[in-house]
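Below is one structure, written out as structure tokens; comments come after it.
Values in this text are rule-based calculations from the coordinates and carry no lab data. Since the model is a prediction, treat every value here as computed from it, not as a measurement. Note that we place each Cβ from the backbone using ideal geometry, even for glycine, and neighbour counts take in every protein chain shown.
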Amino acid sequence: MHTDTERCLRAVRSKDARFDGWFFTAVLTTGIYCRPSCPVVPPKAENMVFHPSAAACQQAGFRACKRCRPDTSPGSPEWNARADSVARAMRLIQDGIVDREGVTGLAGRLGYSERQIERQLLAELGAGPLALARAQRAQTARLLIETTALPMAQVAFAAGFSSIRTFNDTVREVFALSPTELRARGSRRSGTAPAPATGPSARLSTGSAAPSSTPGVICLRLPFRAPLNPDNLFGHLAATAVPGVEEWRDGAYRRTLALPYGHGIVALTPKPDHIRCRLALTDPRDLTVAISRCRRMLDLDADPVAVDDQLRTDPLLAPLVDKAPGRRVPGTVDAAEFAVRAVLGQQVSTAAARTHAARLVTAHGTPVDDPEGGLTHLFPTPAELAALDPEALALPRSRRTTLMTLVEALADGTLPLGTDSDWDEARARLHALPGFGPWTVEAIAMRALGDPDAFLPTDLGMRRAASALGLPSTPAALTSRAAAWRPWRAYAVQYLWATEDHAINVLPA
């Protein structure tokens, strides 16, 4: 979008928050870059240039605006709607792969050379993988500086920087403030008086910015593009929650997270203009990954206006969209976990699927401590499940075969499911497994892989809703009618499901 100057100018002049994350405005006279909805008076058109990413702005020598904080914009919805190499690379970078495995690891996962990945990202985003990862590290550092009392040395390494010097230089360059100044500014904004630091890192840390009262807990706001209807999103997560791994407590969806450096517990609470996120991590280096996975699970980078406008073109869907706009597609924090749960849920009720999953968790999951609630385990990994005795499963023999074949394929790497998955290739590999029909494959594509065009025409709830609305109810006819809903058929599924009286459609009390 950043190449359409007239459209960008209109968005900036109208301060349209829908375009936050789509592009960034760099102001030549001030040397800063902003989000389109920045509250300041827009500069003259000749003094503005537009970039596709914050990393491109930083690489061009611009620093982040202190008013609109463009580093906290929602992510571009493009990376959720596409499955090409650039979109997959962006999802992997958001998941912290460059920090953990370098550009070599990124290229290896995508099956391209480092040079090819660099060229593709530069062409679309104006920045290479290192610059994009650097911009993400700066954003993570800001979060830790402003929301925790961690000494700056710990902040630097937790954010992914290799040295204190690089951390200091990057924060100064991106935010035009030193780390200590940034923390003091955050303290003034939140009304918290900075406290003097002690210990060997005192020279790096001068205080805290409204940290959580619980040590090791980070509280932050996850932005999204309005509107967002939380009913089916949190209703679905709560209604299908696996005991011990997930729960709904005190108005928040809580669950355990298996992360690269340790584990965590997250509590997500829907608010009118953001999602409140409370993270307890055993290792702060997992912050970026945890945020990225929570955003994907809640589909927070979606563009609901574009989705709803497309679905409104169908006169039978339009009343559903107008009644409750902004529905999201509930996702997952772990694609392999959801694939296992999808098999357990084949041809059984939601309650039965939860019971089967809970038995696996109790027998094979890793125990965790949760002093604030009832979470007890991490969901078992494919490697842990590969060692189970299939005869001990209270499932039909065919279902046991399906589950064990899936687990073995996930454990040995022949079925890679994750942020870097090619959607069509993943579908083909799933279809090749015994016991995987269209419903299971499309459910995994929709909720585990994040394909916004995944479609479930054989789903019983879909067929009942279609029949009640006057839509074709046979799978072939419904698929033909749904061609007009592309590329957002997964969102159409949410609107059709919402016509039924079911717990997945209701925000828990």
Cysteines having no other Cys beta carbon under 4.7 Å from their own, within the chain: Cys8, Cys57, Cys219, Cys277, Cys294
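Once you keep just the Cα pairs under 8 angstrom separated by 6 or more residues, what percentage relative contact order results for the chain? Don't skip to the end; give the middle numbers.
Values: 902 pairs, mean separation 65.7, N = 509.
Taking the mean separation of contacting Cα pairs over the length of the chain, I get 13 percent.
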Alpha carbon centroid spacing (whole Å) that separates region 449-484 from region 382-428: 27 Å
Beta bridges by DSSP in region 5-70, antiparallel share as percent, to the nearest 5: 70 percent
Bin width 10 Å, origin at 0, all Cα-Cα pairs of region 5-70: what percent of pairs per bin? 25, 64, 11
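Please compute, over every Cα-Cα pair in region 312-405, the percentage with a separation greater than 20 angstrom. All intermediate terms of the calculation are to be shown ahead of the outcome.
On the way: 2163 of 4371 pairs.
Summing the P(r) of region 312-405 above 20 Å gives 49 percent of all pairs.
Listed highest first by mean packing, meaning other Cβ atoms within 10 Å per residue, what order do 109-118, 406-415 come in?
Working: 109-118: 15.5, 406-415: 17.7.
The densest-packed peptide leads the list: 406-415, 109-118.
Percent of Cα-Cα pairs more than 44 Å apart in the chain, please.
On the way: 18049 of 129286 pairs.
Of the Cα pairs, 14 percent sit more than 44 Å apart.
Local charge sum around Thr256 (other residues, Cβ-Cβ under 9 Å, Lys/Arg +1, Asp/Glu -1)?
Values: positive: Arg254, Arg255; negative: Glu246, Asp370.
Residues near Thr256 contribute 0 overall.
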Against the 2.2 N^0.38 Å rule of thumb, the C-alpha Rg of region 140-184 sits at a ratio of 0.96
Sorted peptide list for 468-476, 98-106, criterion being average Cβ within 10 angstrom, highest first: 98-106, 468-476
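Report the Rg/Rh value for region 1-157, based on alpha-carbon coordinates and the Kirkwood definition of Rh.
Here the Rg-to-Rh quotient is 0.98.
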In the chain, what is the count of Lys pairs whose alpha carbons are under 21 Å apart, counting only pairs at least 8 residues apart or on separate chains? 4
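When Rg is the radius of gyration of the Cα atoms in region 377-437 and Rh is its Kirkwood radius, what does Rg/Rh come to? Display every interim value, and only then the final one.
Details: Rg = 12.3 Å, Rh = 12.5 Å.
Ratio of gyration radius to Kirkwood radius for region 377-437: 0.99.
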Averaged over all viewing directions, the convex hull of the alpha carbons in region 373-489 casts a projected area in nm² of 10.0 nm²
Glu442: net charge of surrounding residues, Cβ under 12 Å, Lys/Arg +1, Asp/Glu -1, itself excluded? 0
Could you sort 326-333, 146-153, 392-399 so that the peptide with the highest average Cβ count within 10 Å comes first and the rest follow in order? 326-333, 146-153, 392-399
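Hydropathy at least -0.5 by Kyte-Doolittle, axial extent at least 15 angstrom from the Cα trace: which helices of the chain, defined as entire DSSP H runs, fit? Could the numbers behind the result be given before it?
Working: long enough: 97-110 (16 Å, 0.31); 114-125 (16 Å, -0.73); 129-147 (27 Å, 0.09); 164-175 (16 Å, -0.20); 179-190 (17 Å, -1.68); 287-298 (17 Å, 0.62); 350-364 (21 Å, 0.09); 397-411 (21 Å, 0.08).
Those that pass (Cα extent of 15 Å or more, hydropathy at least -0.5) are 97-110, 129-147, 164-175, 287-298, 350-364, 397-411.
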